[in-house]
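The values are calculated or read from the model by the stated rules, or taken from the named source; none is laboratory data. This structure is a prediction, so every number in the text was calculated from the model and none was measured. A quick note on method: Cβ atoms are made from the backbone with ideal geometry, for glycine too, and the neighbour counts reach across all protein chains shown.
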Amino acid sequence: MQKQIALVPGDGIGPDIIRETVEVLKAVGRRFRHTFCFTECLAGGIAIDRYGTALPSSTLETCQMSDAVLLGAVGGPKWDDMGGDERPEKALLGLRAGLGLFCNLRPAVLFPQLRKACTLRPEIIGDELDLMVVRELTGGIYFGERGRSAAGDSAFDTMSYTVMEIERITRMAFGIARKRKRLLHSIDKHNILETSRLWRETVKRVAREYPDVELKHMYVDNAAMQLVRNPHQFDVIVTENMFGDILSDEAAMITGSIGMLPSASLRHDNFGLYEPVHGSAPDIAGKDIANPIATILSAAMMLRYTFGMEEEAQTVERAVLQVLDAGLRTADIVTPGEEKVGTRAMGSAIAAAVAG
Ligand code: NAD
């Protein structure tokens, strides 16, 4: 198969981790006889420096014409204090909106090899954890009408959802639950919010199309508690934009290792943008320190969700486990007695494990 991948390395450690991920994808291509063609484009601070805008139209067009997008991270102190409203993060919002990415997938996986990084007690977390948070990404309060009174002494933000927006994210979530443990938790605030009442009604109606998946409803405040009380009761969680923003960070941080967590943002046709959960880590940029695993696992999600290459995705995920089993650790996940390696060595080891 031939696939066109837009690469958006961005700022800070972005170029370091994207470089290693490309090596891994090339190894996948060689092993499974696929041709991955890469087109690199600029976004974020580096694009502000060069073109005066965080998201040049040529970058958006390249992404729109590709089969999938792989992004590093954007931002850094250099652009934090800049006057004006051109900020690196505008590239992320522009890409989500411009590419119609309404479904955000955030797996929270605790690798048995990294149990010590987990913030929960061993008897609560057990040996491993594997959750998937499905977050609606382009509706709700983040996109509703907002404003301030003329006197500036009051402000408002509006949460609104349409049935269509709820249906499409719910179908995505059921589809994913069907491929996992067939258990879906829908999170809302049905006792207070009208949007949540519409959410729950719609989710229940869509559920009739998926009788093989067990559906449970939970209030968001309870879900926040239950995630740290007994995370194993969950498998797939679906929720609206702001609840998902908060719960996906909570679920992710249970695993304790920010350098390990991938994410995907999808459209209805499974086109997607893939990026690590972490930021541009300017403190370690260009020093061969950054952990490339979050980005490499994001590429595995690209293989699975956009290209439908399940075997290839599992090969990358197994390669990561194999390298962790062999004791290789980047600085962020190393503990005494383990072998500390740099970004390049970690990337090469995973690419070699993919090659078999
Ligand atoms: P960050 O995730 O960049 O860094 C937090 C800490 O984790 C730092 O100590 C960093 O060194 C470490 N870290 C992060 N990724 C790592 C990796 N792969 N390997 C090893 N260590 C890693 O968060 P921050 O410091 O709050 O933000 C830095 C910049 O990144 C800011 O400009 C912020 O706006 C931006 N940011 C971008 C995105 C994105 O592009 N999606 C997301 C979050 C933050």
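Here segment 98-115 is the region considered, the condition is being among the hydrophobic types (A, V, I, L, M, F, W, C) and under 13 Å from SER257 (Cα atoms), and the residue that is surrounded by the most Cβ atoms within 10 Å (Cβ to Cβ) is ALA108.
Here is a yes/no grid of residues against (1) away from the ligand (no atom under 11 Å from the Cβ); (2) in contact with an Asp or Glu (Cβ under 6 Å, 6 or more places away or on another chain); (3) in the same structural domain as ALA313 (by TED's automatic domain parsing):
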{"residue": "LEU7", "(1), (2), (3)": "yes, yes, yes"}
{"residue": "ASP11", "(1), (2), (3)": "no, no, yes"}
{"residue": "ALA27", "(1), (2), (3)": "yes, no, yes"}
{"residue": "ARG31", "(1), (2), (3)": "yes, no, yes"}
{"residue": "THR35", "(1), (2), (3)": "yes, no, yes"}
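Sort out which residues of segment 140-170 are part of a loop (DSSP other than H, G, I, E, B), among the hydrophobic types (A, V, I, L, M, F, W, C) and touching an Asp or Glu at 6+ places or on another chain (Cβ under 9 Å), and write them in order of number.
Within segment 140-170, the first condition is being part of a loop (DSSP other than H, G, I, E, B), and the residues that meet it are 143-145, 149-154, 158-162.
Filter again for among the hydrophobic types (A, V, I, L, M, F, W, C), leaving 143, 150-151, 159.
Matches in segment 140-170: MET159 only.
Buried (at least 19 other Cβ atoms within 10 Å of the Cβ), within 16 Å of the ligand (Cβ to nearest atom) and either outside the structural domain of GLN314 (by TED's automatic domain parsing) or in a helix (DSSP H, G or I) (or both), is that true of THR21? Yes.
Yes or no, residue by residue, for (1) buried (at least 23 other Cβ atoms within 10 Å of the Cβ); (2) farther than 30 Å from VAL228 by Cβ; (3) within 16 Å of the ligand (Cβ to nearest atom):
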residue: ARG50; (1), (2), (3): no, yes, no
residue: SER57; (1), (2), (3): no, yes, no
residue: ALA91; (1), (2), (3): yes, yes, yes
residue: ARG96; (1), (2), (3): no, no, yes
residue: ALA117; (1), (2), (3): no, no, yes
residue: ARG121; (1), (2), (3): no, no, no
residue: ARG135; (1), (2), (3): yes, no, yes
residue: PHE143; (1), (2), (3): no, no, no
residue: ALA150; (1), (2), (3): no, yes, no
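For every residue, the table says whether it meets (1) more than 30 Å from THR138 (Cα to Cα); (2) at pLDDT 95 or above; (3) touching a Lys or Arg at 6+ places or on another chain (Cβ under 6 Å).
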site	(1), (2), (3)
PRO292	no, yes, no
ALA326	yes, no, no
SER348	yes, yes, no
ALA352	yes, yes, no
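Of all residues in segment 29-61, those satisfying the criterion of being without any contact (Cβ under 8 Å) to a residue 24 or more places away in the chain and either assigned to a helix (DSSP H, G or I) or in contact with a Cys (Cβ under 9 Å, 6 or more places away or on another chain) (or both) are GLY29, ASP49, ARG50, TYR51, PRO56, SER57, SER58, GLU61. Residue pairs whose Cβ atoms lie under 9 Å apart, sitting 6 or more positions apart in sequence or on different chains, and linking a residue in segment 62-76 that is more than 7 Å from the ligand (Cβ to nearest atom) to a partner that is among the basic types (Lys, Arg), are SER66/LYS3; ASP67/LYS3; ALA68/LYS3.
Yes or no, residue by residue, for (1) of a type outside the set (S, T, N, Q); (2) buried (at least 17 other Cβ atoms within 10 Å of the Cβ):
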{"position": "MET260", "(1), (2)": "yes, yes"}
{"position": "ASP269", "(1), (2)": "yes, no"}
{"position": "GLY286", "(1), (2)": "yes, no"}
{"position": "THR295", "(1), (2)": "no, yes"}
{"position": "SER298", "(1), (2)": "no, yes"}
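When ASP130 is tested against the conditions (1) assigned to a helix (DSSP H, G or I); (2) touching a residue at least 12 places away in the same chain (Cβ under 8 Å); (3) out of contact with any helix residue (DSSP H, G or I) (no Cβ under 7 Å at 6 or more places or on another chain); (4) of a type in the set (D, E, K, R), the lone failure is (1).
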